[in-house]
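First comes the structure, then the notes that go with it.
The values are calculated or read from the model by the stated rules, or taken from the named source; none is laboratory data. The model shown is predicted, which means the values in this text are computed figures rather than measured ones. Cβ coordinates were reconstructed from backbone atoms using ideal geometry, including for glycine residues, and neighbour counts include every protein chain displayed. When the accessible area is computed, the model is the full protein with side chains, heavy atoms only, and any ligands, DNA or RNA have been set aside. Shrake-Rupley method; radii C 1.70, N 1.55, O 1.52, S 1.80 Å.
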Amino acid sequence: MQEQERGGRSRRGREDRQELPPQSPEEQARAICLRLLTGSPRTRRQLADALHKRGIPEEVSQQVLSRYEEVGLIDDAAFAGAWVESRHRGRGLARRALAQELRTKGVHATLVEEALERLDSEQEEQTARELVERKLRATRGLERDKRIRRLAGMLARKGYPEGMALRVVRRALEAEGEDADELGYPGE
């Protein structure tokens, strides 16, 4: 008869679990990658970093990651395209900010450029206008210079080029009735 421990578990059941053979490094690497990929898509570098942190040998890591690429579980190009689409639409990030995020995640420069080609300058400027329109109401009542700094600063933090940011802010303030001559911008 099995001896009972506190909590109703048998001592033998715990011993049985300890007797399982340890996983090979390949099995561990596959399990780690699958667990991480279940939560959300990841780049090859993100997975390689995770395997390294868990002590998986480099050779084993590369073998498992290459196999996952072959079967399509890892696809940095698809990751980059989805990232650009999602972060531009959801957060309003511009090309520069998106490129930085993708580089941080280990996406190769050519794949970053390919993903960013899907985002044209007209679409980027339209998103900047929408962001300014949303924030414009919150700046009413502030002095003109402060409004300009806040609106242009918000766009700059999202990666928009200074020239585009100032042009979009100026047009939004003009449409709201601010005098363009008072805006203090250098000519375009």
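Can you find, within region 55-106, the residue that is nearest to the chain's Cα centre (by Cα) among those that are over 30 Å from GLN23 (Cβ atoms) and outside any helix (DSSP H, G or I)? Before the answer, list the steps.
Within region 55-106, the subset over 30 Å from GLN23 (Cβ atoms) is 77, 80-104.
Then drop every residue that is not outside any helix (DSSP H, G or I), which leaves 92-94.
Details: GLY92: 12, LEU93: 10, ALA94: 12 Å.
Ranking the candidates gives LEU93 first.
Within region 103-115, residues that are closer than 17 Å to ILE74 by Cβ have Cβ atoms under 9 Å from residues that are in a loop (DSSP other than H, G, I, E, B) and of a type outside the set (Gly, Ala, Ser) in these pairs: LYS105/ARG42; LYS105/THR43; GLY106/THR43; VAL107/THR43; ALA115/VAL107, counting only partners at least 6 apart in sequence or on another chain. Does GLU125 satisfy the criteria of being more than 23 Å from LEU37 (Cβ to Cβ), without any contact (Cβ under 8 Å) to a residue 12 or more places away in the chain and in a helix (DSSP H, G or I)? So GLU125 fails the test.
Mind checking whether some residue in region 171-179 is open to solvent by less than 30 Å² (accessible area, probe 1.4 Å) and modelled with pLDDT of 95 or more? I'd like the intermediate steps shown before the answer.
Looking only at region 171-179, we keep the residues that are open to solvent by less than 30 Å² (accessible area, probe 1.4 Å), and these are 172-173.
Keeping just the survivors that are modelled with pLDDT of 95 or more gives none.
No, there is no match, as no residue in region 171-179 is open to solvent by less than 30 Å² (accessible area, probe 1.4 Å) and modelled with pLDDT of 95 or more.
Looking for something among the acidic types (Asp, Glu) and surrounded by fewer than 19 Cβ atoms within 10 Å (Cβ to Cβ) - is there at least one such residue anywhere in region 53-61? Yes: region 53-61 contains one or more residues that are among the acidic types (Asp, Glu) and surrounded by fewer than 19 Cβ atoms within 10 Å (Cβ to Cβ). Could you tell me which residue of region 98-150 is nearest to TRP83 (Cα to Cα), considering only residues that are among the hydroxyl-bearing types (Ser, Thr, Tyr) and surrounded by 13 or more Cβ atoms within 10 Å (Cβ to Cβ)? The extreme case among them is THR127.
Report yes if GLY159 is closer than 17 Å to ALA97 by Cβ, of a type outside the set (Val, Ile, Thr) and either part of a loop (DSSP other than H, G, I, E, B) or modelled with pLDDT under 95 (or both), otherwise no. In short, yes. For ARG134, the criteria (1) in a helix (DSSP H, G or I); (2) of a type outside the set (Asp, Glu); (3) in contact (Cβ under 8 Å) with a residue 60 or more places away in the chain hold in every case but one, which is (3).
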